[in-house]
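Worksheet: the structure to be examined is printed underneath.
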Amino acid sequence: MHRHADVVPGFPTARIRSYSGGLPVEVVLLAQLGPGAGDRLHADTGALQRAHPGFVDALDEPSVRIAAPDFDAGERSALYTFTVGAAGHPFHRHAGHRTFTAVTGSGGVRLRFSTASDAQLARDPAHFAAALHHVDLPPDALFCVRFGGGTWHQFAPLQASSSHPVLFALSCHTDELGGLPPGALQDDVLAGDATIATLTETLPAAVQAWLATHPAHAQRIPTVRLALHAPPGSWQQHLCASLRARAGRVHTRLAGWCGGIGFVDGRASPVKALPSPPTGSLLSEHLPDFHHEDTFSLRLQGMTNATASALMADVLEGFLQYRPAGVTQLMRLRNALVRPLRLRTSPLGCPVSSLLSTGDGPMFAGRYPVLAQRIDADGRRAQVILGANDRHLAFRSCVGVQITDAGVEITLGTRVQCANLFGRAYMAAISGVHHAYIAPAMLRMAVEGAVQRHAPLTLAQGLFA
């Protein structure tokens, strides 16, 4: 056994007392996953993060807020995912307390913490180094961390030349307003516009300058090494780390073949397929000799002061901003297959792809290109027609918003008229996935994006059971 390692019952834990008298830093090693699992997890979750509509890439810490606070309901917490790549990220801190659970990459991680206060750093930047502690964690390890607001921290690879990512984490901000003084940043949090980047403060210039001129301090930093199965620094641990590093590289290559696609199967899905367009639908006036037709409906519960045209603008913006990752992948495949045939291509799902057109035709709300539009005089119903003509077919899509006494109903209907035999074969090939996945998923995500702007409205789960 390595002579510096102590055997401990339960989870190996590092507890670092605060240099300035605040809360301690706590790091708990929970488990070690299979060889290469850390790199694979980083690759998989990193791809999902990048595909998320709320993705933020800043300060070498790509992140997504996956659950926002609801201050009106008394919920002040928020959940984020974030990743740190092979280069690590800069020292920084947050005003509020932080708790996160993470998995290290297949090269391990060094967690660096300094609990020097602002007053101490103002007197002498050397206090930053005097308060500095390291916690080293093994490859492919599940661990959790808790520390108080104002704690400077940096996550880096164990080896400076490592090609392995540092970690993937799920972070809980227990109070999104914690530690924030009144001002612009607090206003952003209350408005729902906060991100990990905006809630982050990097090291003051004076401390950065001191560290740049005192590199020798790195040799004297107290370090706690946590491990499972083999003592830190032992030959067993070195052998295990070497095998995990090789496995991590293989797993990362395999993960790259799968892409950032996720699936949600809501058994009581709020999207309903209608047998025909609603009464008075603009779609009934277009492509009378159609070969394919479908209409999907989604209802929102709650009252709103917004007009149907305002909700329509938000839904159309939702189609542009909130794109299902699976639809995006399918469109890439479709575009690659039909480009040699000189067919129309678009990164946006076909039912609403004309929203990206740049023609001189009619515009809804001054910015969304449409073929036709209708807004009822009482402001309770709005409809637009989208679509385009191609060599093999023509399609028209009708997006409708109708405010009722029970809430809001939003519909997406599509008609397709085939121009030739190839068009018929094309529709036969795609109609199944269009009906089962593409149109319902696009409608759902667009409406979910619109709902964020109208808090009283909620998806009407189970209305169509």
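Considering each residue of the stretch 136-166, count those that are buried (at least 24 other Cβ atoms within 10 Å of the Cβ) and either at positive phi or free of Cβ contacts under 8 Å to residues at least 40 places away in the same chain (or both), and give that number.
Total satisfying the criteria: 1.
For the stretch 30-41, what are the residues that are aliphatic (A, V, I, L, M) and surrounded by 22 or more Cβ atoms within 10 Å (Cβ to Cβ)?
Across the stretch 30-41, the qualifying residues are Ala37, Leu41.
For Ala306, which of the numbered conditions (1) surrounded by 19 or more Cβ atoms within 10 Å (Cβ to Cβ); (2) under 21 Å from Met442 (Cα atoms); (3) out of contact with any helix residue (DSSP H, G or I) (no Cβ under 7 Å at 6 or more places or on another chain); (4) at pLDDT below 90 fails to hold?
Of (1) surrounded by 19 or more Cβ atoms within 10 Å (Cβ to Cβ); (2) under 21 Å from Met442 (Cα atoms); (3) out of contact with any helix residue (DSSP H, G or I) (no Cβ under 7 Å at 6 or more places or on another chain); (4) at pLDDT below 90, only one is false for Ala306: (2).
Considering (1) assigned to a helix (DSSP H, G or I); (2) surrounded by 15 or more Cβ atoms within 10 Å (Cβ to Cβ); (3) modelled with pLDDT of 60 or more; (4) within 30 Å of the chain's Cα centre (by Cα), say which one Lys272 fails and leave the rest.
All conditions are met except number (1).
Only residues in the stretch 208-222 that are under 17 Å from Pro90 (Cβ atoms) and of a type in the set (A, V, I, L, M, F, W, C) count as the first member; pair them with residues that are modelled with pLDDT under 85 and surrounded by 12 or more Cβ atoms within 10 Å (Cβ to Cβ), Cβ under 8 angstrom, at least 6 apart or cross-chain, and list the lot.
Within 8 Å, the pairs are Leu211/His217.
From the list Arg391, Arg374, Arg344, which residue is assigned by TED's automatic domain parsing to the domain that holds Glu285, touching a residue at least 60 places away in the same chain (Cβ under 8 Å), among the basic types (Lys, Arg) and not in a helix (DSSP H, G or I)?
Arg374
With the requirement that a residue be hydroxyl-bearing (Ser, Thr, Tyr) and surrounded by fewer than 22 Cβ atoms within 10 Å (Cβ to Cβ), what does the stretch 369-419 give you?
Within the stretch 369-419, just Thr404 meets the criteria.
How many residues does the stretch 321-333 contain that are in contact with a helix residue (DSSP H, G or I) (Cβ under 8 Å, 6 or more places away or on another chain) and without any contact (Cβ under 8 Å) to a residue 24 or more places away in the chain?
1
Among the residues of the stretch 252-267, is any modelled with pLDDT of 80 or more, surrounded by 20 or more Cβ atoms within 10 Å (Cβ to Cβ) and of a type in the set (Ser, Thr, Tyr)?
no
Name the single residue, out of those in the stretch 408-462 being in contact with a Pro (Cβ under 9 Å, 6 or more places away or on another chain), among the small types (Gly, Ala, Ser) and closer than 28 Å to Leu341 by Cα, that is modelled with the lowest pLDDT.
By that ranking, first place goes to Ala441.
Condition first: touching a Ser or Thr at 6+ places or on another chain (Cβ under 7 Å) and assigned to a helix (DSSP H, G or I). Now tell me which residues in the stretch 394-445 satisfy that.
Matches in the stretch 394-445: Ala439 only.
Taking the residues in the stretch 278-303 that are within 28 Å of the chain's Cα centre (by Cα) and surrounded by fewer than 20 Cβ atoms within 10 Å (Cβ to Cβ) as candidates, determine which candidate is modelled with the highest pLDDT.
Among those that are within 28 Å of the chain's Cα centre (by Cα) and surrounded by fewer than 20 Cβ atoms within 10 Å (Cβ to Cβ), it is Gln301.
In the stretch 283-326, which residues are under 20 Å from Pro270 (Cα atoms) and assigned to a loop (DSSP other than H, G, I, E, B)?
Within the stretch 283-326, Gly302, Met303, Thr304, Tyr322, Arg323, Pro324 qualify.
The values are calculated or read from the model by the stated rules, or taken from the named source; none is laboratory data. It should be emphasised that the depicted structure is a prediction, and the values quoted were computed from it without experimental measurement. Methodologically, a virtual Cβ is constructed for each residue, glycine included, from the backbone with ideal geometry; neighbour enumeration extends over all protein chains shown.
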